[in-house]
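S.K.: Can you read through this structure? Questions will come right after.
The values are calculated or read from the model by the stated rules, or taken from the named source; none is laboratory data. In this text the structure is predicted, and so the values were computed from the model without any measurement. As a convention, Cβ positions derive from the backbone with ideal geometry for all residues, glycine included, and neighbour counts pool all protein chains shown. These accessible areas exclude ligands, DNA and RNA; they are computed on the full protein's heavy atoms, side chains included. Shrake-Rupley method; radii C 1.70, N 1.55, O 1.52, S 1.80 Å.
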Amino acid sequence: MKDFAGKVAFITGGASGAGLGQAKVFSEAGMRVVIADIRQDHLDEAMAYFRGKKAEVHAIKLDLTDRKAYAAAADEVERVYGTPPQLLINTAGVNTFGPAEASTFEDYDWVMGVCLGGVINGMVTFVPRMIKAGRGGHFATTSSWGGFRGGASTAPYSAAKAAVNNLMESYFLSLKPYGIGVSVLCPVGINSNIHEATFTRPKHLQNTGYNVNPETLEFEHRIYMQGIDPVELARILKKGIENDVFYVLPFADPEKMLRDNFERVVNWATPEGMKRQEEADRKRREEMRKRSGDSGPFSGAADVGWGKARADLAWVDETARAKKK
Ligand SMILES: NC(=O)c1ccc[n+]([C@@H]2O[C@H](COP(=O)([O-])OP(=O)(O)OC[C@H]3O[C@@H](n4cnc5c(N)ncnc54)[C@H](O)[C@@H]3O)[C@@H](O)[C@H]2O)c1
């Protein structure tokens, strides 16, 4: 997709962080933009920003895990703009961190429900509409570098993002004959409000196995503040869409990052490789320690208890976990 002017974009999570950056960049490119978000305060703030700009932006309050509401939002787009979107960007997402072994069903249901289920709902809702409209288009999903690897403290999130990468690959292959493009954006850190995700966690999914409190959220906030600027990230995504690139990786040397990552996958397939990888990981940790000592981005995590289990889960052995790192 190369021409954006006059076309319609539907951006989930479009009222904050990465999604808001995308709304800014694609409206500057002349698109009519729908921002869909569960948080009314985020929608209000975003609309206050767009008011006064020439941008044509329409806000819809939507919990994208609610399929009926999603279909109603899609109908609303057609009512307002007279066409289904030519660009869907699945960006809404949530996260929460703690030992995989402490994860509850509710941790999985919430994170995977939004990060994977929300993308599925977007695709099932909009793919037939876009094909029927016959005007081509593009689907993009904001995934994460976390989708390329598991993490001892990121199980639901990494699993959701890995599934999303795979899901979008299937759509990439199936939508090609229709002249519809597909991309997945996989950043590491974004300067966003995702540390507030827990505020949108539904009542019936509150039971968590993780240590989540104002201190851990503030710690997370400090980490995310060092991430990429959402507008810069959106410009990289736009270029990826223009060039019909599937994996859009906002790094200086994405090929090297991917090769290193897949070397791990290859290594983990044989006993000799397992040893090679252990040695490589040890060296990498040593180099990181030399480079940043105790002042790396995650320094202070232990002090605030970030990434730990809920206090009453006494069977989670945090000492063993620390040794493993
Ligand atoms: N922040 C990071 O470091 C980072 C890194 C890699 C990938 N990502 C991904 O980027 C995407 C955007 O996150 P962000 O960092 O900009 O966070 P953000 O919190 O600033 O924005 C996400 C938006 O999604 C909305 N949202 C959450 N649940 C929703 C639901 N059920 N229905 C509709 N909207 C919902 C939130 O209200 C919020 O406005 C996510 O998919 C996230 O996983 C973030």
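S.K.: Which residue pairs have Cβ atoms closer than 6 Å, lie 6 or more positions apart in sequence or on different chains, and pair a first residue in the stretch 17-30 that is among the charged types (D, E, K, R) with a second residue that is within 11 Å of the ligand (Cβ to nearest atom)?
M.R.: Every condition considered, no pair remains.
S.K.: Kindly indicate whether Val182 is touching a residue at least 60 places away in the same chain (Cβ under 8 Å), in contact with a His (Cβ under 8 Å, 6 or more places away or on another chain), β-branched (Val, Ile, Thr) and more than 10 Å from the ligand (Cβ to nearest atom).
M.R.: Answer is yes for this residue.
S.K.: Scan the stretch 275-289 and report the pairs whose first residue is free of Cβ contacts under 8 Å to residues at least 12 places away in the same chain and whose second residue is surrounded by 11 or more Cβ atoms within 10 Å (Cβ to Cβ) and in a helix (DSSP H, G or I), with Cβ atoms within less than 7 Å and a gap of 6+ or a chain change.
M.R.: Partner pairs satisfying both residue conditions: Arg276/Asn267.
S.K.: Here is a further query. Could you tell me which of the residues Ala100, Ala162 is aliphatic (A, V, I, L, M) and without any contact (Cβ under 8 Å) to a residue 24 or more places away in the chain? Walk me through how you get there before you give the answer.
M.R.: Numbers: Ala100 fails: without any contact (Cβ under 8 Å) to a residue 24 or more places away in the chain.
None of the other options fit; the residue is Ala162.
S.K.: Say whether the condition of being more than 16 Å from the ligand (Cβ to nearest atom), open to solvent by 10 Å² or more (accessible area, probe 1.4 Å), charged (D, E, K, R) and in contact (Cβ under 8 Å) with a residue 60 or more places away in the chain is met by at least one residue in the stretch 2-12.
M.R.: Scanning the stretch 2-12, I find at least one residue that is more than 16 Å from the ligand (Cβ to nearest atom), open to solvent by 10 Å² or more (accessible area, probe 1.4 Å), charged (D, E, K, R) and in contact (Cβ under 8 Å) with a residue 60 or more places away in the chain, so the answer is yes.
S.K.: Something else now. Just give me the residues in the stretch 33-66 being of a type in the set (Val, Ile, Thr) and open to solvent by 30 Å² or more (accessible area, probe 1.4 Å), in sequence order. Walk me through it before giving the result.
M.R.: Of the stretch 33-66, the ones of a type in the set (Val, Ile, Thr) are 33-35, 38, 57, 60, 65.
Answer for the stretch 33-66, where residues must be of a type in the set (Val, Ile, Thr) and open to solvent by 30 Å² or more (accessible area, probe 1.4 Å): Ile38, Thr65.
S.K.: Please tell me if Asn207 is open to solvent by 60 Å² or more (accessible area, probe 1.4 Å), touching a residue at least 24 places away in the same chain (Cβ under 8 Å), more than 8 Å from the ligand (Cβ to nearest atom) and not hydrophobic (A, V, I, L, M, F, W, C). Let's see the steps before the verdict.
M.R.: Values: open to solvent by 60 Å² or more (accessible area, probe 1.4 Å): yes; touching a residue at least 24 places away in the same chain (Cβ under 8 Å): yes; more than 8 Å from the ligand (Cβ to nearest atom): yes; not hydrophobic (A, V, I, L, M, F, W, C): yes.
Considered against the rule, which asks whether it is open to solvent by 60 Å² or more (accessible area, probe 1.4 Å), touching a residue at least 24 places away in the same chain (Cβ under 8 Å), more than 8 Å from the ligand (Cβ to nearest atom) and not hydrophobic (A, V, I, L, M, F, W, C), Asn207 comes out as yes.
S.K.: As an exercise: evaluate Tyr108 against (1) more than 24 Å from Pro187 (Cα to Cα); (2) of a type outside the set (Lys, Arg); (3) within 21 Å of the chain's Cα centre (by Cα); (4) surrounded by fewer than 19 Cβ atoms within 10 Å (Cβ to Cβ) and give the number of the one condition it does not meet.
M.R.: Of (1) more than 24 Å from Pro187 (Cα to Cα); (2) of a type outside the set (Lys, Arg); (3) within 21 Å of the chain's Cα centre (by Cα); (4) surrounded by fewer than 19 Cβ atoms within 10 Å (Cβ to Cβ), only one is false for Tyr108: (1).
S.K.: Residue check: is Gly117 within 21 Å of the chain's Cα centre (by Cα) and under 30 Å from Ala314 (Cβ atoms)? Break it down into steps so the answer makes sense when it comes.
M.R.: Working: within 21 Å of the chain's Cα centre (by Cα): yes; under 30 Å from Ala314 (Cβ atoms): no.
Criteria not met by Gly117.
S.K.: Do you know which residues across the stretch 31-67 are within 10 Å of the ligand (Cβ to nearest atom), touching a residue at least 40 places away in the same chain (Cβ under 8 Å) and either part of a helix (DSSP H, G or I) or over 18 Å from the mean Cα position of the chain (by Cα) (or both)? Explain how you work it out, then say what you get.
M.R.: Step one: filter the stretch 31-67 for residues within 10 Å of the ligand (Cβ to nearest atom), giving 35-43, 45-46, 60-66.
With the extra rule that they be touching a residue at least 40 places away in the same chain (Cβ under 8 Å), the set shrinks to 36-39, 42, 62, 64-65.
Residue satisfying the conditions is His42 alone.
S.K.: In addition: Which one is least open to solvent (accessible area, probe 1.4 Å), of the residues in the stretch 68-95 that are among the hydroxyl-bearing types (Ser, Thr, Tyr) and within 11 Å of the ligand (Cβ to nearest atom)? Give the steps one after another, and end with the answer.
M.R.: Applying the first criterion (among the hydroxyl-bearing types (Ser, Thr, Tyr)) to the stretch 68-95 yields 70, 81, 83, 91.
Restricting the remaining residues to those that are within 11 Å of the ligand (Cβ to nearest atom) gives 70, 91.
Numbers: Tyr70: 0, Thr91: 16 Å².
Ranking the candidates gives Tyr70 first.
S.K.: For the stretch 13-26, how many residues are part of a helix (DSSP H, G or I), crowded, with 24+ Cβ neighbours inside 10 Å and more than 6 Å from the ligand (Cβ to nearest atom)? Can you show your working first?
M.R.: First pass over the stretch 13-26, keeping only residues part of a helix (DSSP H, G or I): 17-26.
Now narrow it down to the ones that are crowded, with 24+ Cβ neighbours inside 10 Å: 17-23, 26.
Still in the list and also more than 6 Å from the ligand (Cβ to nearest atom): 20-23, 26.
Qualifying residue count, the stretch 13-26: 5.
S.K.: Could you tell me how many of the residues in the stretch 254-273 are surrounded by 12 or more Cβ atoms within 10 Å (Cβ to Cβ) and farther than 25 Å from Val188 by Cα?
M.R.: Residues in the stretch 254-273 being surrounded by 12 or more Cβ atoms within 10 Å (Cβ to Cβ) and farther than 25 Å from Val188 by Cα: 1 in total.
S.K.: Shifting gears a bit: Looking at Gly122, Gly134, Gly146, Gly151, which is the one that is under 26 Å from Met1 (Cβ atoms) and free of Cβ contacts under 8 Å to residues at least 60 places away in the same chain?
M.R.: Values: Gly122 fails: free of Cβ contacts under 8 Å to residues at least 60 places away in the same chain; Gly146 fails: under 26 Å from Met1 (Cβ atoms); Gly151 fails: under 26 Å from Met1 (Cβ atoms).
Within the list Gly122, Gly134, Gly146, Gly151, the selection yields Gly134.
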